[in-house]
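Below is one structure; the comments refer to it alone.
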Amino acid sequence: MTIRVQAVRSLLVSAAALAVATPAWAQTEEAEQAQAANQDAEANQGDVIIVTATKRASTVQDVPFSINAQSQEDIQRANASTIEDISRNVAGLTVQNLGPGQSQVSVRGVSAGQIVRDQPGVKEQVGVYLDESVISLSLFTPDFDLFDLNRVETLRGPQGTLFGSGSVGGTVRYITNQPRLGRMEGLVEGNLNHVADGEMGGHLKGAINVPLGETAAVRAVGYYQRYPGFIDALGPASGDNVNDGVRYGGRLSLLWQPMEDLRITPRVVYQKVESDGFNREEEFNLFRNDFIAGPDAFEDREQYLLMREKFRDKTLLADLTASYDFGGVELTSVSSYIDREILVSRDASALTHSVSVDLGLDPDVLVIPSNLRDTTDLKTFTQEIRLASTGDGPLQWVVGGFYSDIERVYAQRLPTPGYDAFVDAELGAGTSAGVANGFGPDSPYNADLPYDIKQKAIFGEATYDFGQFKLTAGARYYDFKEVRDFVSGGLFSGRDTRIADKTKSDGISPRLIATWEPNRNLTVNVQAAKGFRLGGVNDPLNIPLCSDEDEDIFGPFAGGYDDETLWNYEAGLKYSKGPLTFNAAVFHTKIKDLQVTLDAGSCSSRIVFNVPKAHTTGVELEIAANPLPGLDVSVAGSFVSAEFDSTLSRVDGVPDDLTTATGIREGNRLPSVPKFQMAASVTYGQPLNDNADWYVNASLQHVGSRFTQPADQENNPRTFNHGLPVFGMTGAEATILDLKLPSYGLLNLSAGLEFNSGLDVVLYVNNLLDENPKLSFDRERGGRARLGYNVGQPRTIGLTVRQKFGN
């Protein structure tokens, strides 16, 4: 009797997919070929997943540090379509959702706080990879579709030795299914869903693998998904479900293996994501609030718009992976090119016209929509070459080199038609032209920021097996150089022209791991590892928008910020015997010069501060059990204490205003990370008849309370003084909000039929209780313009039909 009820058990067992692939250098094309063998083994052996990424069978006991792997079946059973969906089932992984394609990922509490759209110089803290290609980009982590993935891997703790900068907290890897020789197979999936008080969504996806003779194969994936909207807009641009959107794209991979030891795999990936709005729920807006419209001016999932908003992300990835096995040693080359175009178009009318009121412009100006357009044009080339041992001896090693060249052009425009005439009428003829600094008319803020970032690195790691004891040691030498220009113009800017601001850094990131295997069921490991994140240069403050107090507080810090480094110390154990799998790890991370991102009050600017000392300490636990035939139970959770160990003081010795304004105070929590997060799942299934199995699943996901920015802990609940005498307000109005984001729980249910013919039918309900989770706090100009929250998706009912085929 074969029952494919393993949604959670494979969560831990399939972590072996990385066990041999990490050290990550072993994830070669030969390792990808092993995925095919793994898929066959999984189908033949039920809940046992065999991984042979280094030509040896492996289980989770071989992993020398804390990792997690969500298999393709885990993803399907969880109805997951984004990295945020996955994060709720992975201990220590948190995602702050600011809308499609705008997620911020953190691991084990290492977090700099909310990185907003207009901070292109800030580097990511978690590296994200699509197979071997680096795809992470600070705020704009690509929201790649999860269809036809072999697994999603989460490597906890710094991975600076093998993955470099950007993996200071950890690494997330999307591992796709590779082309398979001599096999015709495919998968088609359709879905319809509906969100409460929203609209219909759904998707259609397909994948096919076609052999081309005996030495080649091609795998093609295509998908189209419609996001259902659930946010309603009031005002001149009113409408229902304004945050709907689409995602479509595909992957095309070719495997050519002219001889047994040579594999060449070129690939092209394209994806486009478009959203017609953002998941923002407002509490105060300059144009509508409790002081104008009376109590409860906004209901849940409502916002006010003078104009519609839009997000668009077009991503093209082309890579080529080639490997040759010389017998005992394998040479691998990975070349990758990425071209991304990102647009974030926001209704900035409340922001712009809060300034208009301060300037005393004619009230007629307030009806003009103001559109803040952030654009990013990114071109990235990376090249990695490595040599790795492939034999069966006690010594396994890898050495390699890495090079990347990133060109990123970021620009901001604030088109506000007819605005110059109002400015010149109040402030004098020619004022607008006089502050333009070469930019066009009727745009009170403009900025161009081209970046050129180059990285070179040499890395190596080796493991020696003494029998019951293994020792792993590695290091990475890195050399970064960054050059940035900054040119701004318009009434709201400081009219800065800064050419060739430079940042450079080099250093060594080591890692040491000791593993003890007293028996085949138990593994104990300890490690020390260093991670790093490149520093940079802050953008100048928008001085014309700053209050005197905010200019005084934040002005001295509007320079550069240093590299962030950390040391992670951890101990873990892994136990697996019969129906029980138990993984646990305790860790302590000491962070130096943590880069923390903060709003600069009323300046409509952001500043990155270096906090001298901070730490994260925590425990992770993952348990999976099969107590009865057909019954699978799992629990995954983490508790993290992440705090500042320094208080940021002003150079003049008067720290109170700065400490309160930034929240960087010894003992305060690091932002955006819950202390406690857990997921529990129960799945039960039995044969329906000789041709089909049925199953039911219930899962509960809990995310603890968080703060969006460190300063949100100060004087909380917070009083926001608006000071805007307009629309009948006196200017003395204030809004009081509790900025501690409340914990929330999501209850999900599903039931499915799995036929031997390859047909699966799944009916599911996500967020059964229709929780309205507050994911992050949203503010404009220190609260003078707008206050609100980014919120999660309401209750969603859906039906998925999936058909597999192949020989």
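The values are calculated or read from the model by the stated rules, or taken from the named source; none is laboratory data. Just so we're clear, the structure is a prediction, and the values are computed from it rather than from any experiment. FYI the Cβ positions are ideal-geometry reconstructions off the backbone, even for glycines, and counts take in every protein chain you see. Please note that ligands, DNA and RNA were not included when accessible areas were found on the heavy atoms of the full protein model with its side chains. Shrake-Rupley method; radii C 1.70, N 1.55, O 1.52, S 1.80 Å.
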- Message: Taking the conditions exactly as written (open to solvent by 10 Å² or more (accessible area, probe 1.4 Å), polar (S, T, N, Q), closer than 30 Å to residue 661 by Cα and in contact (Cβ under 8 Å) with a residue 24 or more places away in the chain), does residue 772 satisfy them or not?
- Response: yes
Of the conditions (1) at pLDDT below 95; (2) more than 11 Å from the chain's Cα centre (by Cα), the single one that residue 98 does not satisfy is (2)
Picked from the range 303-327 (must be of a type in the set (Ser, Thr, Tyr) and out of contact with any helix residue (DSSP H, G or I) (no Cβ under 6 Å at 6 or more places or on another chain)), the residue surrounded by the fewest Cβ atoms within 10 Å (Cβ to Cβ) is 324
Residue hits (the range 719-747; in contact (Cβ under 8 Å) with a residue 40 or more places away in the chain and among the charged types (D, E, K, R)) are 733
Query raised in the report: Can we say residue 374 is charged (D, E, K, R), surrounded by 19 or more Cβ atoms within 10 Å (Cβ to Cβ), under 37 Å from the mean Cα position of the chain (by Cα) and assigned to a strand (DSSP E or B)?
Result: yes
When (1) in a loop (DSSP other than H, G, I, E, B); (2) in contact with a His (Cβ under 6 Å, 6 or more places away or on another chain) are applied to residue 225, the one that fails is (1)
Only one of 568, 542 is more than 28 Å from the chain's Cα centre (by Cα), surrounded by 15 or more Cβ atoms within 10 Å (Cβ to Cβ) and not basic (Lys, Arg), namely 542
Considering the range 580-602, residues that are small (Gly, Ala, Ser) and part of a strand (DSSP E or B), and then whichever is least open to solvent (accessible area, probe 1.4 Å), we arrive at 585
- Message: Tell me yes or no: at least one residue of the range 695-703 is touching a His at 6+ places or on another chain (Cβ under 9 Å), of a type outside the set (S, T, N, Q) and closer than 30 Å to residue 612 by Cα.
- Response: no
Residue set 436, 457; condition assigned to a loop (DSSP other than H, G, I, E, B), aliphatic (A, V, I, L, M) and either free of Cβ contacts under 8 Å to residues at least 60 places away in the same chain or crowded, with 19+ Cβ neighbours inside 10 Å (or both); output residue 436
Only one of 442, 420, 448 is out of contact with any Gly (no Cβ under 6 Å at 6 or more places or on another chain), of a type in the set (D, E, K, R) and part of a loop (DSSP other than H, G, I, E, B), namely 442
Exactly one of 496, 548 is without any contact (Cβ under 8 Å) to a residue 40 or more places away in the chain and not hydroxyl-bearing (Ser, Thr, Tyr), and that residue is 548
Q) Taking residue 351, is it among the aliphatic types (A, V, I, L, M), in contact (Cβ under 8 Å) with a residue 40 or more places away in the chain and out of contact with any Leu (no Cβ under 8 Å at 6 or more places or on another chain)? A) no
Residue pairs qualifying under the 7 Å Cβ cut-off, at least six apart or on distinct chains, with the first in the range 286-298 being farther than 17 Å from residue 353 by Cβ and the second being loosely packed, with under 15 Cβ neighbours inside 10 Å, are 297/290
Expected single match for under 30 Å from residue 190 (Cα atoms), free of Cβ contacts under 8 Å to residues at least 40 places away in the same chain and surrounded by fewer than 17 Cβ atoms within 10 Å (Cβ to Cβ) among 224, 270 is 224
Residue 484 fails exactly one of (1) over 30 Å from residue 433 (Cα atoms); (2) open to solvent by less than 30 Å² (accessible area, probe 1.4 Å); (3) within 27 Å of the chain's Cα centre (by Cα), namely (1)
Open item on the list: Criterion first (within 22 Å of the chain's Cα centre (by Cα) and either among the polar types (S, T, N, Q) or open to solvent by 50 Å² or more (accessible area, probe 1.4 Å) (or both)) does residue 638 satisfy it?
Closed with: yes
Report task. Scan the range 179-190 and give yes if some residue there is in contact (Cβ under 8 Å) with a residue 60 or more places away in the chain, surrounded by fewer than 20 Cβ atoms within 10 Å (Cβ to Cβ) and among the basic types (Lys, Arg), otherwise no. Result -> yes
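Results for (1) over 17 Å from residue 447 (Cα atoms); (2) open to solvent by 40 Å² or more (accessible area, probe 1.4 Å), shown as yes or no for each residue.
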position	(1), (2)
365	yes, no
370	no, no
379	yes, yes
390	yes, no
393	yes, no
401	yes, no
406	yes, yes
414	no, no
Residue set 524, 487; condition under 23 Å from residue 413 (Cα atoms), in contact (Cβ under 8 Å) with a residue 24 or more places away in the chain, in a strand (DSSP E or B) and of a type in the set (Val, Ile, Thr); output residue 487
Residues in the range 654-709 that are in a loop (DSSP other than H, G, I, E, B), of a type in the set (S, T, N, Q) and surrounded by 15 or more Cβ atoms within 10 Å (Cβ to Cβ) total 4
All-but-one check, residue 340 against (1) charged (D, E, K, R); (2) closer than 30 Å to residue 726 by Cβ; (3) open to solvent by less than 10 Å² (accessible area, probe 1.4 Å), failing number (2)
The correct count of residues that are assigned to a strand (DSSP E or B) and either surrounded by fewer than 18 Cβ atoms within 10 Å (Cβ to Cβ) or in contact with an Asp or Glu (Cβ under 6 Å, 6 or more places away or on another chain) (or both) in the range 498-521 is 16
Output for Cβ contacts, cut-off 7 Å, separation at least six or different chains, first residue farther than 20 Å from residue 107 by Cβ in the range 552-577, second in a loop (DSSP other than H, G, I, E, B) and open to solvent by 40 Å² or more (accessible area, probe 1.4 Å), reads 556/651; 576/59
The range 713-783: strands (runs of 3 or more DSSP E) wholly inside it with 1 or more residues that are within 25 Å of the chain's Cα centre (by Cα) are 744-755, 759-766, 774-780
Among residues of the range 273-295 being more than 30 Å from the chain's Cα centre (by Cα) and buried (at least 18 other Cβ atoms within 10 Å of the Cβ), the residue farthest from residue 322 (Cα to Cα) is 291
Scanning the range 527-539 for residues that are assigned to a strand (DSSP E or B) and either of a type in the set (D, E, K, R) or over 30 Å from residue 496 (Cα atoms) (or both), the one most open to solvent (accessible area, probe 1.4 Å) turns out to be 530
Within the range 717-752, restricting to residues that are charged (D, E, K, R) and within 22 Å of residue 774 (Cα to Cα), the one that is least open to solvent (accessible area, probe 1.4 Å) is 718
